[in-house]
1. Distance in nm between label sites at E211 and T49, each 7 Å beyond Cα in the beta-carbon direction?
2. Regarding the range 7-143, what's the average projected area of the Cα-atom convex hull, expressed in nm²?
3. Restricting attention to the range 38-114, which trypsin sites (Lys or Arg not before Pro) occupy a DSSP loop and are surrounded by at most 13 other Cβ atoms within 10 Å?
4. Could you line up H90, H44 from fewest to most neighbouring Cβ atoms inside 10 Å?
5. In degrees, nearest 10, range 0 to 90: what is the angle between the Cα axis of helix 61-75 and the longest Cα principal axis of the chain?
6. Quick one: pull the percentage of alpha-carbon pairs in the chain with a separation above 31 Å.
7. So if each residue of separation counts as 0.36 nm, and I subtract the Cα-Cα distance between S234 and N57, what length gain in nm does that give?
8. Under the Kirkwood approximation for Rh and a Cα-based Rg, what ratio Rg/Rh is obtained for the range 1-58?
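Nothing in this text is a laboratory measurement; each read-out follows from the coordinates by a stated rule. What you see is a predicted model; the values in this text were computed from it and never measured. All Cβ positions, even for glycine, are placed from backbone atoms using ideal geometry, and neighbour counts span all protein chains on display.
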Amino acid sequence: MTKTAFIFDIDDTLYDQSIPVCSAIAEVTGKMPDDPELFYRTFHSYSNTMFRRTERNRMDLNKSRILRIQYTMEDLGQPVSDREAEMFQHCYMENLRKVQLSPTLTQLMDRCVSAGVKMGILTNGPYEHQLGKYMRLGLARWIPRRNVVVSEEAGFAKPSVEIYHVAQMRMGLVPENTWMIGDSLVNDIAGASAAGWHTLWYSHHGQEPGEICPERTVYSEEEMLDWAENSILS
């Protein structure tokens, strides 16, 4: 019998990315954004745009990191200088070094191991940067390094079906037994659906699905654990 597999995104799935981002801009400007959720959504949108440009070799990575916060702050009517943007990136990277896996997700990982569920990571981004998050979150305790697929290393990025095929071959996945668990409707849900995987959307910031329809939606880590316990691990 083929085992069920859970493949996780990292950012905004296994930790709340808005915390290190909002803390970083507060360190630079001296105060938290007036609307932290709007700030983070704007930043996240520009991050995705800049990632696509770097992926296509149309922009230097460091330049993209400066521009994403500058464009964000311009949209919010609080422009920042190049120096302030560099300070933000430094603070953000320092904050990322402090991220931890929550007790709820730790419990989920433990339960998956005890139930024989195969686990892996499928994430977009620079290889060393994303691997660093994998290490800082302590994921090696449950997920072996060979089950970590990063877009820079794979040569493809989500939502491309090709990166899902890379993950399938590397981890020995059977699509109809595999669940992609992530926060991005486009990258994680549409991409995985096109590859024939099951999909669980973690709406980390309370958004509702639009035209892209995941098979399951959860709005908290507790709901994710409950879903796994009641649907897969029971």
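1. 2.0
2. On the way: hull surface 34.4 nm².
Projected area, direction-averaged: 8.6 nm².
3. On the way: sites: R41, R52, R53, R56, R58, K63, R65, R68, R83, R97, K98, R111; in loops: R56, R58, R97, K98.
Of the trypsin sites (Lys or Arg not before Pro), the ones in loops of the range 38-114 whose Cβ has at most 13 other Cβ atoms within 10 Å are R56, R58, R97, K98.
4. In order of increasing Cβ crowding within 10 Å: H90, H44.
5. That helix lies at roughly 70 degrees to the long axis.
6. Details: 5587 of 27261 pairs.
Tail of the P(r) past 31 Å holds 20 percent of the pairs.
7. Working: separation 177, 0.36 × 177 = 63.72 nm, distance 4.60 nm.
Net length gain for the segment: 59.1 nm.
8. On the way: Rg = 15.8 Å, Rh = 13.7 Å.
My calculation puts Rg/Rh at 1.16.
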